[in-house]
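No value in this document is a laboratory result; all are computed from the given coordinates. Please read all numbers here as calculations on a predicted model, not as lab measurements. Cβ atoms come from the backbone with ideal geometry, glycine included; neighbour counts cover every protein chain shown.
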Amino acid sequence: MSADDTPHSTAQAPTSANAMWGGRFASGPDAIMQAINASIGFDQRLYAQDIAGSRAHAAMLAAQGILSSSDAEAIREGLLTVLSEIETGAFEFRVDQEDIHMAVESRLTQIIGEAGKRLHTGRSRNDQVAVDFRLWVRDQCDAAIAGLTALMRAFVVQAEAGADWIMPGFTHLQTAQPVTWGHHMMAYVEMLARDRSRFEDARRRMNECPLGAAALAGTGFPIDRHMTAAELGFDRPTANSLDSVSDRDFALEFLSAASICAMHLSRFAEELVIWSSAQFRFVRLSDKWTTGSSIMPQKKNPDAAELLRAKIGRILGAQVALLTVMKGLPLTYSKDMQEDKEQVFDAADTLMLGLAAMTGMVSDMQAQVDTLRAAATSGFSTATDLADWLVRELGLPFREAHHVTGTLVAMAERKGCDLPELTMGEMHSVHPGINQSVYSVLGVENSVNSRQSYGGTSPVQVKAQISRWKALLG
């Protein structure tokens, strides 16, 4: 059936063309086309950016003499009215208006008449959506930067409270060496700082204005793209009109930064799940971030951390989805690119929820200091200190010291004791050069205090890093 032959009555009975969809679509292919083509259901989130872009465009048209000052003033006032209607819930979004751009322009024309029809002079929906979406993603970068800063501050507070609390450090989730609580908290500050810098870097790179590229080739009207770029807070206009309307790298970069950040959130969420278990009892979360069981009254489940750990998959999936949309598109705009927004919207919402939830949990959690220290003394956590002592005091090659230490660990394991509980005679049976001073390095306090290298776990080093970050975060 040709487009001209397509029935337009929504009252007719379903045809064979849409029978498989049942009653959801009352007419033929035109209703199906409208459903797949319209984006107003989700891109209405761009209303503030769309109106800002239109106001900047109208002001530029007037400055260039393309639009009369009276029409520009009517457009400016009319757009403010549309903005107010949307923000107060009085605006009616209709699917037949297809997208946010047509919805705003249609309502503007209803309000101010003929002048509203002149707004679209010198632009296209292609560059209009490009600037709207870029403005929205730029705002999300700012929100992510603020959210990350708040979370970093929460970790710094925890680190400062426990700069010298001793806990086990793990590799393979096996006890490795004693570290400090403050050191562990500051590890996440470093991760999140990299995340923040990625959003800052992405924001700098996306801060070019595509408005004025028109459909794909620019426009014959004497527009001033530098004026609209400055009005919208961009550093400069984009330099190639073809790239301007087809580029979605800014959204992909946002999703890339969000995915790495989400992975970091998920790692700490996993630690909270483990640490709050009855087997670890490293931390206690309050009722604000836990739930009970419908059948087991003793349960206190870390549901917030578990949900955050799961929701991260939506962000990772969004990045893959948008890469898949873009990977096969020739220049310039294709309708496929309408599928660029929903996953970005969802990823941004999920990221901001995750940052807020993690900030709450980090601020709320209570370290169980005695349990942490007891765990640090188990698992032969000072074995590396013993090996280092053998090298430093007895001059053994490290590989030989490693072998001697391993033999002593096996001996302690057979006895069911820790290394400090081995007698001097037992140690001499493995290496006769060992003396009483060895016990000075086998305590967990001595272990962490000895790690004085820059970035190490000693309280002195941890406090130095805390001071540095407190100054940086303000």
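For Lys327, the lysines whose Cα comes closer than 22 Å to its Cα, not counting residues fewer than 8 places off in the same chain, are Lys335, Lys341.
At a Förster distance of 56 Å, what's the computed FRET efficiency of Asp142 paired with Phe398, Cβ-Cβ distance as r, to 0.05? Step by step, r from the Cβ atoms, then E = 0.65.
Return the FRET efficiency for the residue pair Val157, Ser68: r is the Cβ-Cβ distance, R0 is 51 Å, and the value is rounded to the nearest 0.05. Mind showing how you got there, number by number?
Numbers: r = 58 Å, r/R0 = 1.14.
The calculated FRET efficiency here is 0.30.
Report the full-extension gain for the segment Lys300 to Arg281: residue separation times 0.36 nm, less the Cα-Cα distance, to one decimal in nm.
Details: separation 19, 0.36 × 19 = 6.84 nm, distance 1.20 nm.
Result for the pair: 5.6 nm of gain on full extension.
The label point for Glu270 and the one for Val460, both projected 7 Å from the Cα toward the Cβ, are 3.5 nm apart.
With a simple spin-label model that places each label point 7 Å from the Cα along the Cα-to-Cβ direction, the separation between Thr81 and Ala230 comes to 3.1 nm. Once the Cβ-Cβ distance of Ala215 and Ser467 is raised to the sixth power relative to R0 = 41 Å, the FRET efficiency obtained is 0.15. Using the Karplus relation 6.51 cos²θ - 1.76 cosθ + 1.60 with θ = phi - 60°, the per-residue 3J(HN,Hα) values for the range 150-165 come to 5, 5, 4, 4, 5, 5, 5, 4, 4, 5, 5, 5, x, 4, 10, 6 Hz, with x marking Gly and Pro. Each residue of the range 370-384 is assigned a 3J(HN,Hα), and the resulting list reads 5, 5, 4, 5, 4, 5, 5, 7, 9, x, 6, 5, 9, 4, 5 Hz, derived from the Karplus form 6.51 cos²θ - 1.76 cosθ + 1.60 (θ = phi - 60°), x at Gly and Pro.
3J(HN,Hα) along the range 134-144, derived from phi through the Karplus expression 6.51 cos²θ - 1.76 cosθ + 1.60 where θ = phi - 60°, amounts to 5, 4, 5, 5, 4, 4, 5, 4, 4, 5, 5 Hz, with x in place of Gly and Pro. The mean sequence separation of alpha-carbon pairs under 8 Å and at least six residues apart, normalised by the residue count of the range 204-243, gives a relative contact order of 52 percent.
Here the contact order of the chain, divided by its residue count and restricted to Cα pairs under 8 Å and six or more residues apart, works out to 15 percent.
Each of Met263 and Arg94 was given a label point 7 Å from its Cα along the Cα-to-Cβ line. The distance between the two points is 4.8 nm. Amide H contacts of Val179: Met167, Gly169, each under 5 Å away and 5 or more positions distant or on a separate chain (H built 1.01 Å from N in the peptide plane; Pro and chain starts excluded). Amide H contacts of Val283: Ser276, Gln368, each under 5 Å away and 5 or more positions distant or on a separate chain (H built 1.01 Å from N in the peptide plane; Pro and chain starts excluded).
Straight-line reach from Lys288: taking Cα to Cα under 13 Å and skipping same-chain neighbours fewer than 8 places apart, the aspartates and glutamates in range are Asp303, Asp364. Highest mean packing comes first when the peptides 391-402, 434-445 are listed by Cβ atoms within 10 Å, giving 434-445, 391-402.
Over the residues of the chain, the helix contribution to mean residue ellipticity at 222 nm works out to -19500 deg cm²/dmol, using -39500 (n - 2.57) for each DSSP H run of at least 4.
Grab the Cα-Cα distance for Ile36 and Arg205, subtract it from 0.36 nm times how many residues apart they are, and report the gain in nm with one decimal. Could you put the intermediate results ahead of the total?
Values: separation 169, 0.36 × 169 = 60.84 nm, distance 3.25 nm.
The span from Ile36 to Arg205 would gain 57.6 nm if fully extended.
In whole angstrom, the chain maps to an equivalent ellipsoid with semi-axes of 62, 26, 20, each derived as √(5λ) from the alpha carbon gyration tensor and ordered largest first.
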